[in-house]
There are 2 protein chains.
Amino acid sequence: MTPAARRVLEAAGRLFYERGIHAVGVDLIAAEAGVTKKTLYDRFGSKDQLVVEYLADRDERWRACLDARLDTCGSPSDRVLAVFDVSREWMDATSPRGCSMVNAHAEIDDPSHPAYAIITGQKQWMLTLFTDLVRPLVPTGADFLGRTLMLLHEGALVAFGLRVLPGALEHAREQAEMLLRTAAAAS
Amino acid sequence: MTPAARRVLEAAGRLFYERGIHAVGVDLIAAEAGVTKKTLYDRFGSKDQLVVEYLADRDERWRACLDARLDTCGSPSDRVLAVFDVSREWMDATSPRGCSMVNAHAEIDDPSHPAYAIITGQKQWMLTLFTDLVRPLVPTGADFLGRTLMLLHEGALVAFGLRVLPGALEHAREQAEMLLRTAAAAS
DNA sequence: CGCCAGGTATACAGATCGGTCTACTTTTCT
DNA sequence: AGAAAAGTAGACCGATCTGTATACCTGGCG
């Protein structure tokens, strides 16, 4: 990726996330990136493709960030709770408006849109991740607990983005910890 | 509200929800409502105002639908679980793409936008509702359990809308039932 | 040296956007 | 009956949208 293309992707990512995809025009993206529209279209081809690469980029960085942290965790339960910790830091640092995938989904209704697979794929991956993380702790009932954790986590992202519960991630983490304890005690 | 205005609001609501607010133009809304643009502007003044009334209308109908059901419930725990039941029916009937408030929030970044208060207000109301509903069951710790239920519920709406967990509402209800049981047993 | 990818600057195209306007007709209510 | 309100039909405005075209410049590389 050329330096100009990187600047375009950075500007597009920031603007798409802050203002919404349809509310941001390619002219503005080009201007913010300090690039002409021709360069933008030479590198990305279309706005739709730029949207796809924006989401793919965020997805990739999120998974890398999460994977790196999980590798440093000792116990299985630590790994589960670390997901909430990383999410909290991620939100505080760069995502005051909630999950970019959820927000993008609100603007993209067409399931045949290439961005749709990225959005759905990340959520599916998160569900599988939670389920796999709790399997060593509760071999029977990992599916159930995994789903609950997924819903708690997703709800926390939304509540945080809506500013209706600023400590949403911390609360979700605490509730998750309690669920892990009772599940471990029962098995 | 005049008959034409009602048709406009119905068409706008359907299109805004299905395709997103910014993706739908006033010309399309007027055409779908079988109304001229002049009538639309005579009744609503601007697209922004139409968006506000769209959200206010859905908010009002949702609260009325929920309140009506809650009145028919006997025990406090039935009332909590009824929220998930009503949500499930609401989603199945008219909202395959998740919560309209969350989706609208993805497209409206400005907190000074009049629609912002409606969005935040509904979520705040839901949080208070859950907290109040569980207070008779767990006088101490109603805040904590109320928040957890709110996150579970919100996460279920998102997961359902993303089609990543079709039975999200049912799962959330089942998990809520378990939480209510253990909370009641502990107190 | 010459080539060419990557870039700037800018004008342009066609469509659509939100919003206004005039002129006329229909409904509704007193 | 008659006036006010609500509606249709449709042209029009300026701005903005995605996307393309032409002409020129610049740095690195064989």
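The values are calculated or read from the model by the stated rules, or taken from the named source; none is laboratory data. All values derive from a computational prediction rather than experimental measurement. Methodologically, a virtual Cβ is constructed for each residue, glycine included, from the backbone with ideal geometry; neighbour enumeration extends over all protein chains shown. In case anyone asks, the SASA skips ligands and DNA or RNA and just uses the protein heavy atoms, side chains included. Shrake-Rupley method; radii C 1.70, N 1.55, O 1.52, S 1.80 Å.
Using helices alone, I'd like the mean residue ellipticity at 222 nm for the protein assembly as shown: each DSSP H run of four-plus residues gives -39500 (n - 2.57), total over residue count, nearest 500. List each step's numbers first, then the result.
Working: 18 runs with 290 residues, N = 374.
Helix contribution divided over all residues of the protein assembly as shown: -25500 deg cm²/dmol.
Need one word for the protein assembly as shown: rounded, prolate or oblate. Basis is the Cα gyration tensor (sqrt eigenvalues a ≥ b ≥ c); a/c below 1.5 gives rounded, then a/b vs b/c decides. Show your work: numbers first, answer last.
On the way: a/c = 2.28, a/b = 1.18, b/c = 1.93.
Oblate.
Provide a whole-number value for the mean count of partner chain Cβ atoms within 10 Å of the Cβ atoms in peptide A:104-111.
Shielding by partners across A:104-111 averages 6.
Output, in nm with one decimal and in ascending order, the distances from the B:Ser75 label point to the matching label points of the other copies (7 Å from Cα along Cα-to-Cβ).
Sorted ascending, the copy-to-copy spacings read 3.4 nm.
Kindly express, to the nearest 10 degrees and within the range 0 to 90, the angle between helix B:142-161's C-alpha long axis and the longest C-alpha principal axis of chain B.
Computed tilt is about 50 degrees.
Per residue, what accessible area does chain A have, given a 1.4 Å probe and all protein chains present, in Å²?
Working: 7900 Å² over 187 residues.
Computed with neighbouring chains in place, this is 42 Å² per residue.
How much net charge surrounds B:Asp110 when only the other residues with a Cβ under 15 Å from the Cβ of B:Asp110 are counted, with Lys and Arg +1 and Asp and Glu -1?
Charge balance in the 15 Å sphere: 0.
Taking the Cβ of A:Glu174 as the centre, find all other residues whose Cβ is under 13 Å away and add up their charges (Lys, Arg: +1; Asp, Glu: -1).
0
Angle, helix A:47-71 long axis vs. longest principal axis of chain A, Cα atoms, 0 to 90°, nearest 10?
For A:47-71 against chain A, the angle is about 30 degrees.
Cut-off under 30 Å on the C-alpha distance; same-chain residues fewer than 8 positions from A:Lys37 excluded. Which lysines are left, in chain and number order?
A:Lys47, B:Lys47
Rounding to the nearest 10 and keeping the result within 0 to 90°, find how far the Cα-based axis of helix A:168-186 lies from the longest principal axis of chain A.
30 degrees
What part of the accessible area of region A:40-187, given as a whole %, is carbon or sulfur when the probe is 1.4 angstrom?
Carbon plus sulfur share of accessible area: 52 percent.
Using a label point 7 Å beyond Cα on the Cα-Cβ vector, give me the inter-copy distances for A:Pro136 in nanometres, one decimal, shortest first.
Ordered by distance, the counterparts are at 4.5 nm.
Excluding residues on the same chain fewer than 8 positions from A:Lys38, give the aspartates and glutamates whose Cα lies under 15 Å from its Cα.
Reachable aspartates and glutamates: A:Asp27.
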